[in-house]
1. Restricting to the stretch B:11-30, give me the number of residues that are of a type in the set (F, W, Y) and either under 16 Å from B:R309 (Cβ atoms) or facing another protein chain (nearest Cβ under 8 Å) (or both).
2. Among the residues of the stretch B:154-169, write down those that are within 14 Å of B:F202 (Cα to Cα) and without any contact (Cβ under 8 Å) to a residue 60 or more places away in the chain.
3. Determine which single condition A:L129 fails, assuming it passes every other condition in (1) in contact with a helix residue (DSSP H, G or I) (Cβ under 6 Å, 6 or more places away or on another chain); (2) open to solvent by 40 Å² or more (accessible area, probe 1.4 Å).
4. Can you tell me how many residues in the stretch B:72-86 are away from every other protein chain (no Cβ under 12 Å) and open to solvent by 10 Å² or more (accessible area, probe 1.4 Å)?
5. Can you name the number of the only condition in (1) surrounded by 16 or more Cβ atoms within 10 Å (Cβ to Cβ); (2) closer than 19 Å to A:T56 by Cβ; (3) free of Cβ contacts under 8 Å to residues at least 40 places away in the same chain that A:R155 fails?
6. Got a sec? Which strands (runs of 3 or more DSSP E) wholly within the stretch B:108-181 have at least 3 residues that are surrounded by fewer than 22 Cβ atoms within 10 Å (Cβ to Cβ)?
7. Quickly run through the stretch B:51-62 and pick out the residues that are touching a Phe, Trp or Tyr at 6+ places or on another chain (Cβ under 7 Å) and assigned to a loop (DSSP other than H, G, I, E, B).
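The values are calculated or read from the model by the stated rules, or taken from the named source; none is laboratory data. Predicted model, so just to flag it, every value in this text is computed and none were measured. Reconstructed Cβ throughout: ideal geometry from the backbone, glycine too, with neighbour counts over all protein chains shown. Please note that ligands, DNA and RNA were not included when accessible areas were found on the heavy atoms of the full protein model with its side chains. Shrake-Rupley method; radii C 1.70, N 1.55, O 1.52, S 1.80 Å.
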Amino acid sequence: MKILVCISNVPDTTSKINFTEGDTKFDTNGVQFVINPNDEFGLTRAMWFKEKQGATVHIATVGEASVEPTMRKALAIGADEAIRVNALPTDGFFVAEQLAHIIKDGAYDLVIAGRESIDYNGGMVPGILATLLGMNFVNSCINLEVDGNTATAVREIDGGKETLQTTLPLIIGGQKGLVEESDLKIPNMRGIMMARKKTLTVVEPIEAVKATKDTKFDKPAAKGAVKLVDSVDELVNLLHNEAKVI
Amino acid sequence: MRPDLFEAPDYYHLDDLLSEEHKLVRDAARQWVKRDVSPIIEAYAQKAEFPKQILGGLAEIGAFGPYIPEAYGGAGLDQISYGLIMQEIERGDSGVRSTASVQSSLVMYPIYTYGTEEQRKKYLPKLASGEMMGCFGLTEPNHGSNPSGMETKFKDMGDHYLLNGAKLWISNSPFADIAVVWAKNEEGRIHGLIVERGMEGFSTPETHNKWSLRASATGELIFDNVKVPKANLLPNKSGLGAPLGCLDSARYGISWGAIGAAMDCYDTALRYAKERIQFGKPIAATQLQQKKLAEMITEITKAQLLAFRLGQLKNEGKATSAQISMAKRNNVEMAITIAREARQVLGGMGITGEYSIMRHMMNLESVITYEGTHDIHLLITGADITGFPAFQ
């Protein structure tokens with residue numbers, strides 16, 4: 001089985017978020033970047049397929065050279081090869097077009113992308129990929145088993161779970177549940193040493209439309225002052241008469 | 001103990017000077033310490049026990065012999081990577097870093113540098129994987145700062161050496177499988193010998209009731225007519241310069257390690273000062289606390305630059321023993337001062353095991369003494385710049 005894990009390079013969750021150029025551009029100054037958590041769950045599940053079922057695992061990222069440390073970490077965790085599309089990933093449709101091109105070329109059986117990246121939270125890429133490639137698609141996937149050409153995927157649905165059976169080639173929009181946080185791997189020294197020798201291919205982007213453009217970012221309003229109340233009755237009164245939420 | 005919320009300070013963007021691989025190695029060690037060391041270390045320090053279950057993890061992150069070539073099981077990394085690993089481990093605990101320092105610089109380094117090809121092949125891969133643990137015997141009950149006065153000696157008995165004497169303050173001794181022991185031959189020349197656990201007459205009693213490095217095992221090495229095979233002598237260097245070469249490597253690692261302990265104390269104090277409200281405002285908004293915190297980050301930044309430059313010199317094979325002494329002395333004193341100041345920022349909370357500060361402070365009392373005391377390192381600098389050794 002040949003697996004491609006699509007990896008986004010995103011700010012660490014503890015980063016302080018600021019914007020520049022009149023609130024139109026994300027300020028990367030002093031920000032640490034990590035593997036998008038939804039992608040890392042997918043990568044870790046792919047490693048399981050590699051160890052247990054002898055799968056080959058490639059990773060692909062759309063990004064400029066600055067994303068390579070994140071890709072090298074994925075190689076140190078155990079991915080076999082990496083492909084970087086040399087372009088700034090500003091639009092979900094554009095990113096999906098680039099990845100679709102790589103997937104077509106690589107003849108992958110299984111493509112695992114995070115359900116969404118935790119920076120812009122577009123949540124579009126896996127779905128667009130499935131459409132562009134005409135592949136089967138399971139989103140919000142929280143468990144995945146593959147037996148021959150048959151895949152059994154569990155999906156999170158409102159208030160419960162749904163188990164689906166489908167066939168390869170397949171695209172997964174993955175999230176926590178594919179593996180648990182305690183399963184995530186810290187690259188060990190052997191992995192870091194091996195990552196030095198692994199191939200990281202850089203390809204130029206194909207012509208594709210950027211369907212959207214960021215025009216402005218707004219940060220959430222600063223939290224207002226807290227009002228402390230002495231009794232439940234007073235709280236109910238304020239929620240009912242002042243905030244008018246109950 | 002509270003959850004480990006550590007965020008590493010990098011005031012002068014030292015990260016920009018590091019390679020992609022340096023950061024990968026450093027971040028892996030940092031993540032491992034957060035996951036496997038921080039949650040348990042306080043409990044082990046309180047009960048004065050070494051957490052043996054982390055040995056496998058230390059090997060995995062490359063803490064055992066990171067700069068030993070890959071052919072012998074090491075990681076073949078540079079000196080800055082070694083320093084960064086030591087920094088991250090000591091951010092967790094100086095005792096754990098001590099175990100790694102001893103294994104790398106005081107056991108693997110002399111076997112690699114002064115040993116035969118057979119010795120390298122026999123010991124280094126097992127030491128790198130943590131399957132075998134080592135310790136280093138130089139200090140004796142009557143000879144600390146003056147190791148050349150050592151009394152431990154060995155006699156050539158034809159087909160073996162007969163070793164007699166005792167070593168004290170030996171990290172890892174209670175559980176080590178092998179000891180690199182420095183002893184005088186009949187002519188009074190210092191040589192290194194590999195002594196293996198199980199050799200008749202060799203024992204390793206543990207030193208109890210320490211107030212420092214409580215999560216690290218310390219003990220003695222006692223040699224009572226121990227027959228050591230001739231193949232266990234390290235042949236490629238003798239004289240005091242041989243053990244001092246090992247100490248240069250370990251002291252270099254300590255100069256980075258101390259930064260880790262200081263970073264943890266600073267980060268804890270900064271977070272606490274911003275959250276702790278007195279007189280209606282965070283104590284971080286008061287001038288006296290800002291003085292402490294501002295001086296801490298200044299000193300950490302200076303220490304980082306000192307260690308980084310020393311790492312470059314080490315990589316180029318140009319670092320002198322005196323330069324290493326300066327970094328060890330400066331950075332450990334920096335760390336212990338920051339631990340004491342950080343303890344004050346936390347007030348009464350600072351003395352509890354809820355926070356790591358008091359543990360770091362007590363650990364650093366050993367670190368400022370071992371591997372050349374604070375005073376001896378000053379005299380090394382003094383001798384280096386004046387040309388007059390003033391040790392006696």
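1. Counting residues in the stretch B:11-30 that are of a type in the set (F, W, Y) and either under 16 Å from B:R309 (Cβ atoms) or facing another protein chain (nearest Cβ under 8 Å) (or both) gives 1.
2. Correct list: B:G165, B:A166, B:K167, B:L168.
3. Going through (1) in contact with a helix residue (DSSP H, G or I) (Cβ under 6 Å, 6 or more places away or on another chain); (2) open to solvent by 40 Å² or more (accessible area, probe 1.4 Å) one by one, A:L129 breaks only (2).
4. 3
5. (2)
6. B:153-156, B:160-171
7. Across the stretch B:51-62, the qualifying residues are B:P51, B:I61.
Each row is one residue, and each column tells you yes or no for (1) open to solvent by less than 20 Å² (accessible area, probe 1.4 Å); (2) of a type in the set (G, A, S); (3) at positive phi.
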site: B:F279; (1), (2), (3): no, no, yes
site: B:T286; (1), (2), (3): no, no, no
site: B:Q312; (1), (2), (3): no, no, no
site: B:I324; (1), (2), (3): yes, no, no
site: B:G353; (1), (2), (3): no, yes, no
